Amino acid sequence: MTVTVFAVSLLAAMAIGMPIAWSLLFCGLCLMWQIDMFDSQIMAANLLGGADNFPLMAVPFFMLAGVIMTEGGIAKRIIVIALSLLGHKRGGLGYVVILAGCIIGALSGSAAADAAALSSLLMPMMIAAGYDRIKSASLIASSAVVAAVLPPSIGLIIYGVTGGVSIVKLFMAGIVPGAMVALSLAVAWWWVIRNDDLPAQPEMPFKEKMKAVREGIWALMLPFIILFGLRFGIFTPTEAAVVVAVYCLFVAVVIYRELPLNRLYAVFEKAAMTTAIVMFLVAATLVSSWLIIVAEIGDQIVALLAPVIHYPMLLMFALMVLVVVIGTALDMTPTILLLTPMLMPILKEAGIDPVHFGVVFMVNNAIGLITPPVGTVLNVTCGVTGVKMDDIIKGVLPFMFAQLVVLFLLVFVPQIVTVPAAFFSR
């Protein structure tokens, strides 16, 4: 009965158009009423306590870094480097999108920020070069979601906090799967444009390539600084977020000088508004997460899955199908926050490595970012590029299929995640 109350109240609130955060609070109220422990003070205390978490401090700093990169010329220089290396290939601007998406994602940790930067900077180039508008926007949206898998993924931070899993291990484990997702997108792009008559871009002279690398070296150094610092315990993931934000601010203001001091207030304001939305959603979801534990919904789900609990591969496959379905209705953050406390008892019972599951779970949630009707990244890309939602939904299908292939490879070959994670965390 408790599971029914939880599901019906949440879906009913969403169906009448209530925002996700308020839907989750309403769902929490219904659960409290069901288990006969309704108390507004408990609700308020858990709402405040949900956001009062040290590892979650990484979220606003990575958000700030993403805004600074876009406004301060860092993202632009990353794209110039990718252009110098791949722009002359057939369909080269598409490969530039994928490479730039990986690098920017490894700095910001936010798929939405990645999508906004790629859409505003690369879409005009692709249109001017004669690329199909819908295919270009679809690739940009699909490439942006790599940021949800590569460190320092904000999604991995939230999963680690909610599930009590080492964030450093999750970051290290996300490197190879993130690279695989990017490679799958490159293969899908090659297939999508195989019959298109695309003009070849002139190859940059060697001196121009070296100039692009020299100007962008400050941006390229940052992912290595993050991984080096995390790998050798120099700083925690939360401290890494501060390092990223301060480093990006220094480079944008002092080195590149594209972010004047009189624009800093607007940059901080934009980052604060985005952070407020995310953190309120996190706080609201953690209220429901706490009640899920109190109401023993996780144990009830374990009982429902008892027939397959001793078959880890089959269980993982079933859970991934479940997340794909849920990802069509919920955004990444509430999906992580709602499902993690429910699924943790199942993982422990089945003996599934929570780091392996976390990375696979994040790839699945990344796909959800380009799955209608919620599809946050789809909405961002459509808003910036002006492409209709109906068109981009059809356009992302080949790229979504490529990502699903990687997802199920990670499910059935866990060593792809666990072996590199053990090597990098050694």
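Take residue 110 and tell me if it is within 21 Å of residue 245 (Cβ to Cβ), touching a helix residue (DSSP H, G or I) at 6+ places or on another chain (Cβ under 9 Å) and buried (at least 20 other Cβ atoms within 10 Å of the Cβ). Walk me through how you get there before you give the answer.
Details: within 21 Å of residue 245 (Cβ to Cβ): yes; touching a helix residue (DSSP H, G or I) at 6+ places or on another chain (Cβ under 9 Å): yes; buried (at least 20 other Cβ atoms within 10 Å of the Cβ): yes.
Yes.
Tally time: how many residues in segment 84-132 are more than 18 Å from residue 66 (Cα to Cα) and either within 24 Å of the chain's Cα centre (by Cα) or among the acidic types (Asp, Glu) (or both)? Show your work before the answer.
Pass one, segment 84-132, residues more than 18 Å from residue 66 (Cα to Cα): 84-96, 123-132.
In the following step, the residues that additionally are either within 24 Å of the chain's Cα centre (by Cα) or among the acidic types (Asp, Glu) (or both) were identified as 93-96, 123, 132.
Qualifying residue count, segment 84-132: 6.
Do we have any residue at all in segment 113-132 that's modelled with pLDDT of 80 or more, among the aromatic types (Phe, Trp, Tyr) and in a helix (DSSP H, G or I)?
no
Return yes when residue 138 is at pLDDT below 75 and of a type outside the set (A, V, I, L, M, F, W, C) and no when it is not.
So residue 138 fails the test.
Per-residue answers, yes or no, for (1) among the hydrophobic types (A, V, I, L, M, F, W, C); (2) surrounded by fewer than 20 Cβ atoms within 10 Å (Cβ to Cβ); (3) under 16 Å from the mean Cα position of the chain (by Cα):
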| site | (1), (2), (3) |
| --- | --- |
| 333 | no, no, yes |
| 344 | yes, yes, no |
| 354 | no, no, no |
| 360 | yes, no, yes |
| 408 | yes, yes, no |
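Can you pull out the helices (runs of 4 or more DSSP H) entirely within segment 151-267 that have at least 1 residues that are more than 17 Å from residue 107 (Cβ to Cβ), touching a helix residue (DSSP H, G or I) at 6+ places or on another chain (Cβ under 9 Å) and not acidic (Asp, Glu)?
Working: elements: 154-163, 167-173, 175-192, 206-231, 237-250.
Those helices (runs of 4 or more DSSP H) span 154-163, 167-173, 175-192, 206-231.
In segment 380-409, how many residues are of a type in the set (Gly, Ala, Ser) and modelled with pLDDT of 85 or more?
Quick first cut of segment 380-409, residues of a type in the set (Gly, Ala, Ser) only: 383, 386, 395, 402.
Checking the rest, the ones that are also modelled with pLDDT of 85 or more come to 395, 402.
Final tally of qualifying residues: 2.
Out of segment 221-242, which residues are over 20 Å from the mean Cα position of the chain (by Cα), of a type in the set (A, V, I, L, M) and either surrounded by 15 or more Cβ atoms within 10 Å (Cβ to Cβ) or more than 19 Å from residue 102 (Cβ to Cβ) (or both)?
The answer is 225, 234.
Are any of the residues in segment 86-98 assigned to a helix (DSSP H, G or I) and modelled with pLDDT under 75?
Within segment 86-98 (the criterion being assigned to a helix (DSSP H, G or I) and modelled with pLDDT under 75), the answer is yes, since at least one residue qualifies.
For segment 309-401, please list each of the helices (runs of 4 or more DSSP H) lying entirely inside it that holds at least 2 residues being closer than 24 Å to residue 419 by Cα and out of contact with any strand residue (DSSP E or B) (no Cβ under 7 Å at 6 or more places or on another chain).
Qualifying helices (runs of 4 or more DSSP H): 312-327, 332-350, 354-368.
If you check residue 292 against the conditions, is it modelled with pLDDT under 80 and either part of a helix (DSSP H, G or I) or under 30 Å from residue 77 (Cβ atoms) (or both)?
yes
Within segment 58-68, can one find any residue that is under 21 Å from residue 142 (Cα atoms), of a type in the set (Phe, Trp, Tyr) and modelled with pLDDT of 80 or more?
no
Name the residues in segment 243-254 that are over 26 Å from residue 167 (Cα atoms) and surrounded by 15 or more Cβ atoms within 10 Å (Cβ to Cβ), would you?
Matches in segment 243-254: 251, 252, 253.
State which residue is surrounded by the most Cβ atoms within 10 Å (Cβ to Cβ) when the search covers only segment 62-94 and only residues that are farther than 13 Å from residue 118 by Cα and of a type in the set (Gly, Ala, Ser).
Here the answer is 65.
The values are calculated or read from the model by the stated rules, or taken from the named source; none is laboratory data. Being a predicted model, the structure only gives us computed values, none of them experimental. FYI the Cβ positions are ideal-geometry reconstructions off the backbone, even for glycines, and counts take in every protein chain you see.
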